[in-house]
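Enquirer: Below is a structure I'd like to ask you about.
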Amino acid sequence: MNDPQVSPDHSPTGAAEEMRSALFAQMVMQQSSMAMMLLGKTAHPETGEVVRDLEAARLFIDQLEMLEHKTKGNLTPEETALLQQSLMSLRLAFVEAVDSPPAEKEPKPDRRPAPSGSGPAPEPAQAEPAPADNPAEAEPRKRFSKKY
């Protein structure tokens, strides 16, 4: 009955409200970051690759729009401003992404270390065998990562 977290009128104290506000801001920023990454505006944090999936980005933007609609009138002015500014920049980035063609992927240089002392170095003319000669090396190394 004498819970310090709840006042007599059963409303949360300032510390609990600040925590909820911080969690709300974190969620908005997380959704915005995912949308920006899927729009190709930022690189994937683990792989460093630029991902472009406009449908998935649209889903994250739609979720933030739904959140704006469902929480209308229940947010602090700071929370409302954060949500509106995030949505405005995401909508602009989405329009830019739709209007611009996808960037072509440039092949990444092979950064594997050279074999050490296992025989003579190949001559420059033989450095890259034709794909038909060695099919195992014709495919670039694949990286496995989660895609949501």
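Enquirer: Count, please, the residues in region 51-82 that happen to be open to solvent by less than 70 Å² (accessible area, probe 1.4 Å), in a helix (DSSP H, G or I), of a type in the set (A, V, I, L, M) and out of contact with any Ser or Thr (no Cβ under 8 Å at 6 or more places or on another chain).
Expert: 7
Enquirer: So, one more: Would it be correct to say that T76 is on the phi < 0 side of the Ramachandran plot and in contact with a helix residue (DSSP H, G or I) (Cβ under 6 Å, 6 or more places away or on another chain)?
Expert: For T76, the condition - on the phi < 0 side of the Ramachandran plot and in contact with a helix residue (DSSP H, G or I) (Cβ under 6 Å, 6 or more places away or on another chain) - is not met.
Enquirer: Of all residues in region 1-42 being at pLDDT below 90 and in contact with a helix residue (DSSP H, G or I) (Cβ under 8 Å, 6 or more places away or on another chain), which is surrounded by the fewest Cβ atoms within 10 Å (Cβ to Cβ)?
Expert: Across region 1-42, the extreme among qualifying residues is Q5.
Enquirer: Could you list, in sequence order, all residues of region 83-107 that are surrounded by fewer than 16 Cβ atoms within 10 Å (Cβ to Cβ), of a type in the set (S, T, Y) and part of a helix (DSSP H, G or I)?
Expert: Within region 83-107, just S89 meets the criteria.
The values are calculated or read from the model by the stated rules, or taken from the named source; none is laboratory data. Bear in mind that the values here come from a model prediction, so they are computed numbers and not experimental data. Glycine gets a Cβ as well: all are built from the backbone with ideal geometry, and neighbour counts include every protein chain shown. Areas reflect the complete protein model, heavy atoms only, side chains present, ligands, DNA and RNA absent. Shrake-Rupley method; radii C 1.70, N 1.55, O 1.52, S 1.80 Å.
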